[in-house]
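The values are calculated or read from the model by the stated rules, or taken from the named source; none is laboratory data. Keep in mind that this is a model prediction, so the values were computed, not measured. Cβ placement follows ideal geometry from the backbone for every residue including glycine, while neighbour counts extend to all protein chains displayed.
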Amino acid sequence: MSFESPRSAPSEGSCPAPAVPFSFELYPPRTVSSSEALRDTVLRLAQAGPRFISVTYGAGGSTGGRSLEILRFIRENTDVEPLAHLTCVGNTYAGATRLIREFLDAGILSFLALRGDPPIDESEPFLGDLESAAQLVQLIDRVQAARAPYEEEPVPGLPGAVRVSPRRRVSIAVAAFPKGHPRSAHRTQDVEALVAKQAAGATLAITQLFFHADDYLAFVERARAAGVTIPILPGIMPITSSARLNRVLELTGEDLPSELAIALQVEPTAEGRTGIGIEWAARLAREVVAGGAPGVHLYAFNQHTTVLRVLEDAGILHAVPTR
Ligand code: FAD
């Protein structure tokens, strides 16, 4: 993935490449009306000049088609690199291979390879053939390598003529857990998992959300000491309500950030709570960037206003683009 450099120069009307790279995460739409709203969000986020926009993927393939649809929209309507999350829980080698081919055929060349979480109601999770994200990294690499090394493009105005060019290699990112994965037995397990994913071919790590800059910075230090050399991009989520805070604590197993929890609880207005979430996320972004982070990755919740304001408050984006 072009985390180090954008896919192409920003188009007219979009912002010039920012000094601190940033990216966004979206999830696939659930209804027709949310699909239309999401397309508008994509266009607005793209105007800000992110390095990539990633789209989540439901474990077990529950959102596959809808994820690909929005990735295609990003690819065909913006200059931004679309990055596909892919999970391996519950998939066979043949199934995962078919899926990877489908994404490659759609022109998607950047992936976030994940183990995925089994559905909550399954007491005995079905892991399929692939059991870890590292195995999925290797499979994506193998599927790409098995494709023809060149691609053909028609030459406009010359019927039957084709231009042959070498295929771009896929880029594969992986997840990292600054405060440990909820199911890890001990802290070193997460650094070891990241070393294994790098050895399998990953070229970027994106972290789970965290609430204090030191959690991220200390994790990066431990990872570097263990031999991890790939960029570790901090994942930052603006938490704009107590309900959202409770939901992410449940999902991630993070400790309750009491200062933020109390601030959200005592603030009477939704607007005030949004401001608290933006301020917290912007401070985190400033602190991790000052500590050496290679950029920031924002969990956008399919909305552009909040994350763009976080970037503006953090001094990363100087003017929120308007249409
Ligand atoms: P691995 O790299 O295989 O494992 C990571 C760590 O978890 C290791 O330390 C490993 O030892 C430990 N671990 C994992 N499972 C177990 C276990 N059963 N017992 C003990 N230790 C275990 N999920 C989705 O379904 N769709 C998405 O789109 C998605 N996007 C994500 C994006 C980011 C940036 C992050 C951080 C997570 C995302 N997830 C997503 C969640 C992710 O799938 C889960 O956290 C999953 O449990 C671990 O995935 P992994 O790829 O890190 O797995």
Check your understanding: For residue 94, all conditions in the list (1) in contact with a helix residue (DSSP H, G or I) (Cβ under 8 Å, 6 or more places away or on another chain); (2) part of a helix (DSSP H, G or I) hold save one; what is the number of the exception?
Key -> (1)
Exercise for review: Considering (1) outside any helix (DSSP H, G or I); (2) over 16 Å from residue 112 (Cα atoms); (3) at pLDDT 55 or above, say which one residue 5 fails and leave the rest.
Suggested key: (3)
Point to revise | Given (1) over 16 Å from the mean Cα position of the chain (by Cα); (2) part of a helix (DSSP H, G or I), index of the condition residue 74 fails | key: (1)
Practice item. Check off (1) within 15 Å of the ligand (Cβ to nearest atom); (2) closer than 23 Å to residue 173 by Cβ; (3) acidic (Asp, Glu) for residue 287 and give me the number that stays unchecked. Key: (1)
Practice item. Could you please find all residues in the range 195-208 being within 8 Å of the ligand (Cβ to nearest atom), among the aliphatic types (A, V, I, L, M) and crowded, with 20+ Cβ neighbours inside 10 Å? Key: 206
Check your understanding: Does any residue in the range 180-202 that is charged (D, E, K, R) and modelled with pLDDT of 95 or more come within less than 7 Å, Cβ to Cβ, of a residue that is within 10 Å of the ligand (Cβ to nearest atom) and in a helix (DSSP H, G or I) six or more places away or on a different chain, and which pairs are these?
Key -> 197/133; 197/134; 197/137
Check your understanding: Among the residues of the range 211-235, which ones are more than 10 Å from the ligand (Cβ to nearest atom), among the small types (Gly, Ala, Ser) and not in a loop (DSSP other than H, G, I, E, B)?
Key -> 213, 218, 223, 225
Check your understanding: Hey, does the range 245-258 have a residue that's surrounded by fewer than 22 Cβ atoms within 10 Å (Cβ to Cβ), polar (S, T, N, Q) and within 16 Å of the ligand (Cβ to nearest atom)?
Key -> yes
